[in-house]
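**Student:** Shown below is the structure under consideration.
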Amino acid sequence: MIRLPKSLAGAAGAFLFASGLAVAGPGGAGHAHDEEAAYGKPGDPKKPARMVPVAMKEASGKMLFFPDKVEVKRGEQVRFKLQNSGELEHEFVIGTVEENAKHKVAMEKNPDMEHDDPNAKRLQPKKADEIVWQFTNAGTFEYACLIPGHYEAGMKGTVVVK
Ligand SMILES: [Cu+2]
């Protein structure tokens, strides 16, 4: 061990502390980074939100969301009122197209994977639920059902944030 005079040891400690903070800043594994994704962040249920009803169902060999396209203003908070009108279990996962694609591969390997994420809900047939979400960035995002086979059958929708 290298012995430093007390004053120098203090300075070195302060330096390490400061560089530690720098690492946790934007782009690092900081907490804020986990909470806000490209597609936004969990909304505040106490604040006003635009109501957007979304139905999930099966229809003549297809599975779908209705509507399958939603337009949002940047910064707008949306309350998705989810209704599973189908005969099967479905889910609603908000993400980027890339993230949903990765998540879908993970679910194919592990179909019983449960989500407990603020951007996802899984609904039994005839059940209703909701997600309040704030879209903080402009872009094109997606909501999808990642239960194996469902996305391919048509269960995806687009969110355009302007
Ligand atoms: Cu589904």
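**Student:** For the range 123-162 and the range 62-117, write down the distance between their C-alpha centroids in whole Å.
**Tutor:** Using only Cα atoms, the two centres lie 3 Å from each other.
**Student:** Further, regarding this structure: Could you calculate the contour length gain from Lys73 to Gln124, that is, 0.36 nm times the residue separation minus the distance between their Cα atoms, to one decimal place in nm?
**Tutor:** Length gained between Lys73 and Gln124: 15.3 nm.
**Student:** In straight Cα distance, which lysines are under 25 Å from Lys57, not counting same-chain residues fewer than 8 positions off?
**Tutor:** In chain and number order, the partners are Lys69, Lys81, Lys102, Lys104, Lys109, Lys121, Lys126, Lys127, Lys156.
**Student:** Related question: I'd like the GluC sites (Glu not before Pro) in the range 59-162 restricted to DSSP loop residues with at most 13 other Cβ atoms within 10 Å, sorted by number. Present the calculation step by step, with values, prior to reporting the outcome.
**Tutor:** Details: sites: Glu71, Glu76, Glu87, Glu89, Glu91, Glu98, Glu99, Glu108, Glu114, Glu130, Glu142, Glu152; in loops: Glu76, Glu87, Glu89, Glu114, Glu152.
Those satisfying the criteria are Glu87, Glu114, Glu152.
**Student:** By the scheme Lys and Arg +1, Asp and Glu -1, what is the net charge of all other residues having a beta-carbon under 11 Å from that of Ile147? Don't skip to the answer; put the middle values down first.
**Tutor:** Values: positive: Lys104, Arg122; negative: Glu89, Glu91, Glu108, Asp112, Glu152.
Taking every Cβ under 11 Å from that of Ile147, the sum is -3.
**Student:** Sorted from fewest to most neighbouring beta carbons within 10 Å, what does the list Met107, Met155, Met51 look like? Before the final figure, lay out the partial values.
**Tutor:** Working: Met107 20, Met155 26, Met51 10.
Arranged by neighbour count, lowest to highest, Met107, Met155, Met51 become Met51, Met107, Met155.
Where a number appears in this text, it was derived from the coordinates with a stated rule and is not lab data. All values derive from a computational prediction rather than experimental measurement. Virtual Cβ from ideal backbone geometry, glycine too; neighbours counted across all protein chains shown.
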